[in-house]
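Notes for the one structure printed next.
The values are calculated or read from the model by the stated rules, or taken from the named source; none is laboratory data. On a predicted model such as this, the values are computed, not experimentally measured, just so you know. Backbone-built Cβ (ideal geometry, glycine too); neighbour counts: all protein chains shown. Note: areas computed on protein heavy atoms with side chains; ligands, DNA, RNA excluded. Shrake-Rupley method; radii C 1.70, N 1.55, O 1.52, S 1.80 Å.
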Amino acid sequence: MTSGGEWLLSPGAAGGALTPSNVEVGLQGNRGCARIEPIVIGNMVLFVQSRGLRIRDLGYEYVSDSYTGTDLTMLARHLFERWTIKDWAFAQEPDSMCWTVMSDGSLIALTYIREQEVVAWGRFPTDGFAESVAAVVSEGVDDVYLCVRRGDERFIELLSPAEAFSPEEAFFVDAGITARFETPSREVSGLSHLEGREVVCLADGNVIEGLTVENGKVVLPHAASVVHVGLPYAALLETLELVYGRQDGTQLTRKSRISSVTARVERTRGLFIGTEVSQKSPRDTSDRTGLTAVEEGLLSEAPQRTDERYNEPVGLYTKDYKLHLSSGWGQGRITCWAPYPLPCSILALVAEVETGG
């Protein structure tokens with residue numbers, strides 16, 4: 001892991017301990033390593049190449065009898081085109097993810113499970129400038145801490161695990177806090193770091209939007225016992241174009257129309273599904289939802305309330321949702337959107353497709 005290449009140091013055929021008199025050095029590659037500490041995951045090593053633009057893994061390969069690997073950023077080059085990698089940390093539990101801080105202050109994450117051939121990148125935008133990241137081993141989970149600069153202040157923030165088993169405990173806000181009351185209360189304080197900002201609340205499992213922090217607190221329209229308050233954000237997923245074989249060639253570059261989509265979800269609520277909304281109108285990235293009003297209108301909402309009792313929050317559902325879409329002819333992309341402070345875990349998407357010429 002020098003700046004010029006990757007090297008293997010061993011005691012040679014004699015085996016035993018590595019000493020100055022029996023060391024053998026063999027060059028494994030010439031890509032070099034940046035001044036960022038590599039990460040060991042199982043029997044693989046992940047490292048940032050010398051110029052800070054790519055991430056590679058490195059492990060022993062029997063065929064070549066050497067240590068080699070692949071470029072893990074090749075599947076998402078658009079995330080690394082303009083910026084370099086400044087810091088990273090690996091959280092083994094619960095999802096085997098490498099959290100990476102870029103030079104523009106953005107945060108991206110790599111889910112890396114080698115034995116299942118899972119290499120998946122995702123962007124995690126935050127309202128601020130991420131400066132560094134660290135992972136600390138804890139009981140049952142690895143705690144991921146961020147140093148985030150917001151304006152002239154810096155904050156040390158703990159990422160909440162992306163799972164919830166009840167709507168009341170779902171924490172899906174940015175730079176937020178949790179308040180618990182023995183007696184239900186309408187006033188939530190401790191929000192001086194968000195003074196003057198518009199926030200969103202999840203109060204006993206019910207979404208409350210449009211609140212503004214004044215004097216370090218917000219006042220809810222109704223009393224609640226468990227309240228999560230913070231900056232809003234939305235989760236947005238868009239699949240790749242449909243590609244499959246046809247008798248007269250391939251579907252690539254040809255038009256498709258998706259008439260319906262069945263989404264298999266786990267402990268999910270507040271999901272919208274549509275097709276290719278990002279191509280229908282200009283994207284307004286300043287909007288907290290990530291979509292324009294026109295794009296929002298093209299999405300279909302998965303039904304939420306079913307058989308909950310009166311005054312109970314809508315539950316989290318593990319089921320299949322089949323949604324009929326009002327879609328036109330396009331490249332066959334599917335868009336999933338979750339704008340509320342609620343969990344959304346999509347296990348599968350099954351589309352009914354009409355093919356064109």
Inset, instruction - Compute the separation of the alpha-carbon centres of the range 108-128 and the range 249-270 and state it in Å as a whole number. - result: 22
Inset, instruction - Whenever you get a sec, compute what percent of the accessible area on the chain sits on carbon and sulfur atoms (1.4 Å probe). - result: 49
Legend entry - the range 1-105: relative contact order in percent, alpha carbon pairs under 8 Å with at least 6 residues between: 17
Inset, instruction - Sort 147, 98 by accessible area with a 1.4 Å probe, largest first. - result: 147, 98
Legend entry - Two-decimal log10 I(q)/I(0) for the range 74-171, as the Debye equation yields it once each C-alpha is a single scatterer, q = 0.12 Å⁻¹: -0.42
Inset, instruction - Count the net charge of all other residues whose Cβ sits under 13 Å from the Cβ of residue 68, scoring Lys and Arg as +1 and Asp and Glu as -1. - result: -3
Inset, instruction - Keeping all protein chains in position, work out how much accessible area residue 244 exposes to a 1.4 Å probe, and write it in Å² to the nearest 10. - result: 80
Inset, instruction - Keeping all protein chains in place, calculate the accessible area per residue for the chain (probe 1.4 angstrom), answer in Å². - result: 55
Legend entry - the chain: calculated mean residue ellipticity at 222 nm from DSSP helix runs of at least 4, using -39500 (n - 2.57): -500 deg cm²/dmol
Inset, instruction - Starting from the coordinates of the alpha-carbon atoms of the range 1-67, obtain the Kirkwood hydrodynamic radius over all distinct pairs and give the value in Å to one decimal. - result: 13.0
Inset, instruction - Divide, for the range 152-193, the radius of gyration over alpha carbons by 2.2 N^0.38 Å, where N is the residue count. - result: 1.39
Inset, instruction - Report, to two decimal places, the Cα Rg of the chain normalised by 2.2 N^0.38 Å (N = number of residues). - result: 1.17
